[in-house]
2 protein chains.
Amino acid sequence: MDDAVRQSLRELVASCSLPAALEAMGERWSFLILRGAFNKLCHFEEFQSELGIARNILANRLTRLVDHGILERRPHADDRRKIEYRLTDKGYALLPTMVALRQWGERWETGVPANPILVDARDRKPIRQVQVLSHDGRPLGKGDMLWALSEEAEAAPANTEAAE
Amino acid sequence: MDDAVRQSLRELVASCSLPAALEAMGERWSFLILRGAFNKLCHFEEFQSELGIARNILANRLTRLVDHGILERRPHADDRRKIEYRLTDKGYALLPTMVALRQWGERWETGVPANPILVDARDRKPIRQVQVLSHDGRPLGKGDMLWALSEEAEAAPANTEAAE
DNA sequence: AGCATTAAGTTGCGAAACGCTACTTAAATC
DNA sequence: GATTTAAGTAGCGTTTCGCAACTTAATGCT
């Protein structure tokens, strides 16, 4: 690997937002708490008993996720002891990441197609595998992508299919 | 939340493969090492100097990723000091997860569309946002999915667009 | 009103993971 | 043969994790 390539890789790494994402979601339990929230858990004690996580760690993770704007903390109106944790839009935007990770685990770790499975609420058919797609919808595999400066990139056509 | 719902959630959690995926990829540095491998890093010293990770931790992560079949360790033929770490198919299968996480970070953490960007190698147009799609390609958002026993689910039609 | 219970944490402390620096080992190069 | 390179390993201090017990405030029970 020559120096020019190495240098461009270093720049690439510097401006990558993967570290930023991991700063928010990279600690132990963060994704499992998120999964819980997707599954309609919203109280401290629910998370604690469902996940079996230590209480101090749970408290720490919840405040962190709130600080990052992934969860929203709201005191319950009727019972002022209770506090509800709810996903924000930012939190919901992690759905593709979580589903992709789960699908990978199903395919390559547990091996089971798992029961229950996620289905489309409208027709109850199983959802697709999450994949990386080109602008016109072709699935992209390992050799099909490269890095380009945004100046070099072809102008992206308005996505015909809805964006996130 | 009544007991029936709670119970079904507990079963759901038990058979979810997210914990299995996190067991393989949930530790600090794992995703960054994976990103490095996607970017064609393959030697110990390359990972170390690009990521700035401590040597003992790197050694530990590499052997873990090899043990999980995500990376493959192969001694170099010409120079027997060198060892190459390469992604296996199982490792490449994490591409959607990684891209989804990076895109989320771009959109919600760093805010920058980042430079360089990932483009389709064929036409150099930016790739799409990774999203969860129904069997027929509709994007699915927060309320559009539910859990179903595989017996209950409608038979999935053969995916017209290629699977992973 | 007084006591028990519930919800959401906090505290203390031992165990495990992390990070830094220096050292080792084997192969290649000078 | 001496030096450099590649890939680790070892020692040790710091941080995070995990468990159990404790606290605080609101609610419910009689």
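A few remarks follow.
- Residue check, B:GLN48 near DNA strand C (Cβ under 10 Å from one of its atoms) and in a helix (DSSP H, G or I): yes
- Search result, residues across segment B:106-132 that are within 23 Å of A:ARG128 (Cα to Cα) and either touching a Ser or Thr at 6+ places or on another chain (Cβ under 9 Å) or surrounded by 21 or more Cβ atoms within 10 Å (Cβ to Cβ) (or both): B:VAL119, B:ASP120, B:PRO126, B:ILE127, B:ARG128, B:VAL130, B:GLN131, B:VAL132
- Matching residues, segment B:88-113, being under 19 Å from B:LEU41 (Cβ atoms) and among the hydrophobic types (A, V, I, L, M, F, W, C): B:ALA93, B:LEU94, B:LEU95, B:MET98, B:VAL99, B:LEU101
- Annotation: A:ARG86 fulfils all but one of (1) open to solvent by less than 70 Å² (accessible area, probe 1.4 Å); (2) in contact (Cβ under 8 Å) with a residue 24 or more places away in the chain; the unmet one is (1).
- A:ASP78 meets all of the listed conditions (1) at pLDDT below 95; (2) away from DNA strand C (no atom under 16 Å from the Cβ); (3) not β-branched (Val, Ile, Thr) but one, namely (2).
- Condition check for B:ARG138: at pLDDT 95 or above, of a type in the set (Lys, Arg) and more than 19 Å from the chain's Cα centre (by Cα): yes
- Options A:LEU118, A:LEU101: the member that is more than 16 Å from DNA strand C (Cβ to nearest atom) and in contact (Cβ under 8 Å) with a residue 40 or more places away in the chain: A:LEU101
- Residue within segment B:44-51 that is more than 10 Å from chain A (Cβ to nearest Cβ), surrounded by fewer than 13 Cβ atoms within 10 Å (Cβ to Cβ) and over 30 Å from A:GLN48 (Cβ atoms) present: yes
- Residue match in segment A:17-32 (condition: at pLDDT 95 or above, under 26 Å from B:THR88 (Cβ atoms) and not in a helix (DSSP H, G or I)): yes
- Candidates B:PHE38, B:PHE31 - the one that is within 27 Å of A:LEU140 (Cβ to Cβ), facing another protein chain (nearest Cβ under 7 Å) and away from DNA strand D (no atom under 13 Å from the Cβ): B:PHE31
- Selection status of A:GLU84, more than 8 Å from chain B (Cβ to nearest Cβ), touching a His at 6+ places or on another chain (Cβ under 7 Å) and of a type outside the set (Val, Ile, Thr): yes
- Some residue of segment B:146-156 being under 22 Å from A:LYS90 (Cα atoms), open to solvent by 30 Å² or more (accessible area, probe 1.4 Å) and free of Cβ contacts under 8 Å to residues at least 40 places away in the same chain: yes
The values are calculated or read from the model by the stated rules, or taken from the named source; none is laboratory data. Quantities reported herein were computed from a predicted structural model and do not represent experimental measurements. Every residue, glycine among them, receives a Cβ derived from its backbone with ideal geometry; neighbour counts consider all protein chains shown. Note: accessible area is taken over every heavy atom of the protein model, side chains too, but ligands, DNA and RNA are not part of it. Shrake-Rupley method; radii C 1.70, N 1.55, O 1.52, S 1.80 Å.
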